[in-house]
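Visitor: The structure follows.
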Ligand SMILES: [Cu+2]
């Protein structure tokens, strides 16, 4: 009976101490969430835009076709709003600050030819 009590005591001692170890290393990241206007036309655009956001510093990125807004949560210490807009432009999608290269836009599938700002 005594050994059982000791075993139980040891078991709880492990339970209390183990979880603490893993958390000492994780530093707090001050994520920023923003909505960025990104022009696009269809679900293929959505895939392309969201795929372009799979980089270090971006926690999540969801583009909405209806609102033409990219909801992005990122670590401002790693990536900036400007860089995010540039990434969208690089794959063919205009933002308020950065326009996609005409050649890149021209190469998009026909269904992706959203109406560009004049
Ligand atoms: Cu498209």
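The values are calculated or read from the model by the stated rules, or taken from the named source; none is laboratory data. Just so you know, these numbers come straight off a predicted model, no measurement behind them. Virtual Cβ from ideal backbone geometry, glycine too; neighbours counted across all protein chains shown.
Visitor: Take residue 46 and decide whether it is within 16 Å of the ligand (Cβ to nearest atom) and touching a strand residue (DSSP E or B) at 6+ places or on another chain (Cβ under 9 Å).
Guide: On the way: within 16 Å of the ligand (Cβ to nearest atom): yes; touching a strand residue (DSSP E or B) at 6+ places or on another chain (Cβ under 9 Å): yes.
Judged against the criteria, residue 46 is a match.
Visitor: Please go through the range 49-76 and give me each residue that is under 14 Å from residue 91 (Cβ atoms), without any contact (Cβ under 8 Å) to a residue 24 or more places away in the chain and either away from the ligand (no atom under 16 Å from the Cβ) or part of a strand (DSSP E or B) (or both), ordered by number.
Guide: Those that are under 14 Å from residue 91 (Cβ atoms), without any contact (Cβ under 8 Å) to a residue 24 or more places away in the chain and either away from the ligand (no atom under 16 Å from the Cβ) or part of a strand (DSSP E or B) (or both): 54, 61.
Visitor: Another question, then. Given the conditions (1) assigned to a loop (DSSP other than H, G, I, E, B); (2) away from the ligand (no atom under 16 Å from the Cβ), report the number of the one that residue 34 does not fulfil.
Guide: (1)
Visitor: Hey, another quick one. Of the residues 78, 91, 104, which is out of contact with any helix residue (DSSP H, G or I) (no Cβ under 7 Å at 6 or more places or on another chain), surrounded by 12 or more Cβ atoms within 10 Å (Cβ to Cβ) and farther than 30 Å from residue 27 by Cβ?
Guide: Result: 104 is the single residue among 78, 91, 104 that is out of contact with any helix residue (DSSP H, G or I) (no Cβ under 7 Å at 6 or more places or on another chain), surrounded by 12 or more Cβ atoms within 10 Å (Cβ to Cβ) and farther than 30 Å from residue 27 by Cβ.
Visitor: So is residue 1 surrounded by 10 or more Cβ atoms within 10 Å (Cβ to Cβ) and either modelled with pLDDT under 90 or within 18 Å of residue 92 (Cβ to Cβ) (or both) or not?
Guide: Numbers: surrounded by 10 or more Cβ atoms within 10 Å (Cβ to Cβ): no; either modelled with pLDDT under 90 or within 18 Å of residue 92 (Cβ to Cβ) (or both): yes.
Spelling it out, it is not the case that residue 1 is surrounded by 10 or more Cβ atoms within 10 Å (Cβ to Cβ) and either modelled with pLDDT under 90 or within 18 Å of residue 92 (Cβ to Cβ) (or both).
Visitor: Another question, if that's okay. Within the range 81-104, work out how many residues are within 16 Å of the ligand (Cβ to nearest atom) and either in a loop (DSSP other than H, G, I, E, B) or more than 19 Å from residue 64 (Cα to Cα) (or both).
Guide: The qualifying residues number 6.
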